[in-house]
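K.L.:
Quick one: this structure, given as structure tokens, is what I'll be asking you about.
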Amino acid sequence: MLEPTAPAQSKASGQAEASTAIVVVDIAPTVIDELTDPIYPADALAALVGDCVLYVTITIDSSGSVSEVIPSWKRPNIPNRYSDEFLDAIRVAARSWKFEPARLVYWEKTKDEDLKYLYAVVVPAMTDIKVAFAAAGRVR
């Protein structure tokens, strides 16, 4: 099963408020279609490696595609002989994943404390996900 471990953060999320009159809302990326599960690596399955959990950080580019998959620095990954094969399986599956990209939406506060829409900018974002490979060769 694929599950987010933390909310996505746009690479520009350090921009909380440009000034007192401007409000910036950081909208995280959302999944467009169901995410394709990675395939349990054949060599690991033949070696009876068993269950394997990997935490990875994915970068979602401004087109909504996954541009990078790396081991997460926020969660522990216990390495094994087949760690690279499991990571490669996630990278292959991630090529087909599609997201509505992250956006920074700029609003102006009016004198009446209402918000007036100004514009939105599409930005890359990073999020951590947990991928659990089951001993039976499935992804849980």
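Taken together, the values in this text are just the output of simple stated rules run on the coordinates, not laboratory data. As the structure is a computational prediction, the values presented were derived from the model and not from experiment. When we count neighbours, we look across all protein chains shown, and the Cβ atoms used for this are built from the backbone with ideal geometry, even at glycine.
K.L.:
So which lysines can LYS130 reach, going by Cα to Cα under 21 Å and dropping same-chain residues fewer than 8 places off?
P.N.:
Within the straight-line limit of under 21 Å, LYS130 reaches these lysines: LYS11, LYS74, LYS98.
K.L.:
Which of the listed residues, THR59, LEU35, ILE22, is farthest toward the dipole's positive end in the range 2-133, when Lys, Arg count +1 and Asp, Glu count -1 at the beta-carbon?
P.N.:
So the residue furthest toward the plus end is ILE22.
K.L.:
How many nm separate the modelled label positions at GLU113 and ILE39, each set 7 Å beyond the Cα in the direction of the Cβ?
P.N.:
Once both label points are built, they end up 5.8 nm from each other.
K.L.:
Continuing with the same structure: Between VAL105 and SER63, what length comes free when the chain is fully extended (0.36 nm per residue of separation minus the Cα-Cα distance, one decimal in nm)? Mind showing how you got there, number by number?
P.N.:
On the way: separation 42, 0.36 × 42 = 15.12 nm, distance 1.66 nm.
Full extension of this stretch gives 13.5 nm more.
K.L.:
Per residue and in cubic angstrom, what volume does the convex hull of the Cα atoms of the range 2-133 have?
P.N.:
Taking the convex hull of the Cα positions in the range 2-133, it is 102 Å³ per residue.
K.L.:
Additional query: To the nearest 0.05, what FRET efficiency results for ALA134 and ALA46 with a Förster distance of 22 Å applied to their C-beta separation? Display every interim value, and only then the final one.
P.N.:
Working: r = 15 Å, r/R0 = 0.70.
With a Förster radius of 22 Å, E is 0.90.
K.L.:
Using the Cα centre as the reference, give the magnitude of the dipole from point charges on the C-beta atoms of the range 2-133 (Lys, Arg: +1; Asp, Glu: -1; all else neutral), rounded to the nearest 20 debye. Show your work: numbers first, answer last.
P.N.:
Working: 12 positive and 19 negative charges, 51 e Å.
Roughly 240 debye for the range 2-133.
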